[in-house]
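I have placed the structure first, in the form of structure tokens, so that the comments after it can refer back to it.
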Amino acid sequence: MAEGAAQDAFLRIEGVSKSFGSFQAVRDVSLTVGKGEIFSLLGGSGCGKTTLLRMLAGFEEPSAGRIFLDGRDMAGVPPWERPVHMMFQSYAIFPHMTVEENVGYGLKHDKGMSKADRANRVAEMLELVQLTPFAQRKPHQISGGQRQRVALARALARQPKLLLLDEPLAALDKKLREQTQFELMSIQARTGVTFIVVTHDQEEAMTLSDRIAVMDKGEVRQVGSPTEVYEFPNSRFVAGFIGSINTFEATVIARESPHLRLSVPALGTEVLARDVAAVAVGQAVTLAIRPEKLRISRERPEAANALAGTVRDLAYFGKDSLYRLDLAGGGMVQAHAVNARRGDEGARVADWDDAVFVGFDPASALVLVT
Amino acid sequence: MTRATLQRWLDDKGWPAFLIGLPYLWLVVFFLLPFLVVVVMSVATKTTTAPPFSLGGEHPWISLDTYARILTDGLYLRAFLTSLVNAAIATFFCLLIGYPVALGLTRVSHSWRNILLMLVILPFWTSFLLRVYAWMGLMGKTSWFNVMLTDAWNFLVPIDWAVRSIPMMHSNFAVILVMVYTYLPFMILPLYASLERLDPTLDEAAMDLGSRPARVFLDVTLPQSIPGIIAGGMLVFIPAAGELVIPTLVGDAGSPMIGRLISDEFSQAKDWPMAAAIAVALLVLMVGPTMIYSRYQAKAEGST
Ligand SMILES: Nc1ncnc2c1ncn2[C@@H]1O[C@H](COP(=O)(O)OP(=O)(O)OP(=O)(O)O)[C@@H](O)[C@H]1O
Ligand SMILES: [Mg+2]
């Protein structure tokens, strides 16, 4: 779906900015979202995700830029006329209506719909989110997770072209959240509605989305599939925001196609990294390596890059362990190792204060310029 | 009982019971007992002694003459009707004016809100009587207010309908006008309190689902503000129905309201039992709506 997105741009956001007084909450955002895509807006608190969503729903007018939905310019179209529904961060379920009335609320506006059709549609929606037995309950008589599903069913009932979900799972506990993620994905697959999901949880974004836009201070920093943003972040910010990563100051000393040779003082050695076209020899860059791309061994490995170090710290998580190593150059790296073998001591590759080596492929070493 | 157990009893039960009981004690001493006195008085017989009633002895212990008169004498029934109708109309207009004001208060910035709320309660800082007198001045035949309205009227209507002044004073219109003016804050404040609690994202959710603003108001705002409407309605209707000062000063002496009758029976006719009986009847009339209100409140609280 990620590839299809560029061709049939269903939602096109062109240079949209939003200012509140002198404060710019959203800066010059341009995005395209394809039909049927699950698109995530990922970013820290206050980076403008909700503001962007509210502009799509029509609650805020952009200060600059334009929004096209299905080819139609949305400027000046009030919220009640947009084929866009929103699932609010707080769910915003009407407390004085039953579950059924909540779900059917939007359908009242479809003049062409008969009473029976409406009832059928509500029943269908309740079925979809498995709330049929709770149809007659009031919102305060159901659980938080069920309320969240009422909000979803209500937003889906009118068959929106675009569904906006503002932190849909933030209020749920971890277990329910994971379960609901899959539910959301299957509901999306069954309805074919385009989803834009706001989240500050990077794992959630990775699991749910076809594509992710990483936002920072009102700007979109990178757009791509979960794999792209994780494996090929375009900046230190994105690399650090998604997952954990080791970063080091480095200088490019030679271009040895298809690799770059870097001098990395903190590692105490030279390192080969994947070539990126945008850098020149002599340029100061950042070397970034994900902890799970590092292999720890007792003997010097065959790998192109091998660093010597000592285990300073280790944390055992069951399925894997996190090592913190002091390197010869004075730097420090974190490395993940899967605990493949079983046993109390044998599980670990190395122990506190052991002298070890870490090896990694040039392909896993990222060179970041910004 | 040892000291320690007494102490424990006080801590566990005694003090909480005392604290909870205090308001009830207050109610018993300052409401229930006086009310019983009034009830007893209402079944006594009027005499020329001091106090001007007695029961027992040559008079029956319980005489229901007063109540019979209320039910049969058109004067009392009309007074009740006038009171209830005037109070209902005043409540309606308070709601009509107060609701938009209260809603507006929830929509302005916080600094403005405090200033405007201040203005709503500001009239309480001047004497109530003074304000009623001010209205009497305004409504009088020669006041600039009356002259202005008269001129406007004469300008708008055919010459045959022209008047020299608009007769506002000493009418039910005047009573209702001044009551609306006086009781408006009692409508605005509870309405504001209930509207202010509403979650504005609910309005957005309704808009998002296709409702225009007017529809949002009917579907979301209005149903959720019913407790506020009822509270405000009670606070206006009940005192307005028993109002004495306003009808006495600006009302039509020919169609008195019930408060006026109680006062007259008490101080002029010296018929204390009759005054007491009217008071009891009025209270019984008011208990009905109050019970409906507490029923509704209990239901609303059970559901939040
Ligand atoms: N109506 C407003 N007036 C002034 N500033 C606002 C307004 N709405 C949002 N902001 C500011 O804009 C910035 C972005 O807000 P927004 O709600 O979009 O953040 P967010 O990315 O959704 O954050 P979170 O993850 O915490 O929900 C914030 O700094 C916020 O203070
Ligand atoms: Mg937000």
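The values are calculated or read from the model by the stated rules, or taken from the named source; none is laboratory data. Since we're looking at a predicted model, the values are computed, not measured. Positions of Cβ are generated from backbone atoms using ideal geometry, with glycine treated the same way; all protein chains shown enter the neighbour counts. With ligands, DNA and RNA removed, areas are computed over all heavy atoms of the protein, side chains included. Shrake-Rupley method; radii C 1.70, N 1.55, O 1.52, S 1.80 Å.
Key figures for this structure:
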| item | result |
| --- | --- |
| Selection count, the stretch B:170-191, where residues are in contact with a Gly (Cβ under 8 Å, 6 or more places away or on another chain) and either within 14 Å of chain A (Cβ to nearest Cβ) or among the hydroxyl-bearing types (Ser, Thr, Tyr) (or both) | 1 |
| In the stretch B:153-178, residue surrounded by the fewest Cβ atoms within 10 Å (Cβ to Cβ) [restricted to those that are aliphatic (A, V, I, L, M) and in a helix (DSSP H, G or I)] | B:Ile159 |
| Criterion violated by A:Ala355 - all others in (1) in contact with a Lys or Arg (Cβ under 9 Å, 6 or more places away or on another chain); (2) surrounded by 15 or more Cβ atoms within 10 Å (Cβ to Cβ) satisfied | (2) |
| Strands (runs of 3 or more DSSP E) contained entirely in the stretch A:1-99, each with at least 2 residues that are within 16 Å of ligand 2 (Cβ to nearest atom), more than 14 Å from chain B (Cβ to nearest Cβ) and open to solvent by less than 30 Å² (accessible area, probe 1.4 Å) | A:23-34, A:38-43 |
| Hey, B:Gly228 surrounded by 20 or more Cβ atoms within 10 Å (Cβ to Cβ), in contact with a Ser or Thr (Cβ under 6 Å, 6 or more places away or on another chain) and part of a helix (DSSP H, G or I) or not | yes |
| Filter pass, B:Pro239 being open to solvent by 30 Å² or more (accessible area, probe 1.4 Å) and either away from every other protein chain (no Cβ under 14 Å) or not polar (S, T, N, Q) (or both) | yes |
| Count - residues of the stretch B:45-57 that are in contact with a strand residue (DSSP E or B) (Cβ under 9 Å, 6 or more places away or on another chain) and open to solvent by 80 Å² or more (accessible area, probe 1.4 Å) | 1 |
| A:Val122 vs. criteria within 14 Å of another protein chain (Cβ to nearest Cβ) and touching a residue at least 40 places away in the same chain (Cβ under 8 Å) | no |
| Spans of helices (runs of 4 or more DSSP H) in the stretch A:169-231 with at least 3 residues away from ligand 2 (no atom under 16 Å from the Cβ) and aliphatic (A, V, I, L, M) | A:174-191 |
| B:Leu198 vs. criteria hydrophobic (A, V, I, L, M, F, W, C) and more than 14 Å from chain A (Cβ to nearest Cβ) | no |
| Test result for B:Val29, surrounded by 14 or more Cβ atoms within 10 Å (Cβ to Cβ) and at pLDDT 90 or above | no |
| Residue pairs meeting the criteria (Cβ under 9 Å; at least 6 apart or on separate chains; first within 11 Å of chain B (Cβ to nearest Cβ), in the stretch A:154-168; second away from ligand 2 (no atom under 12 Å from the Cβ) and charged (D, E, K, R)) | A:Ala155/B:Asp208; A:Ala157/A:Arg121; A:Ala157/A:Glu124; A:Arg158/A:Asp110; A:Arg158/A:Arg121; A:Pro160/A:Arg82; A:Leu164/B:Asp208 |
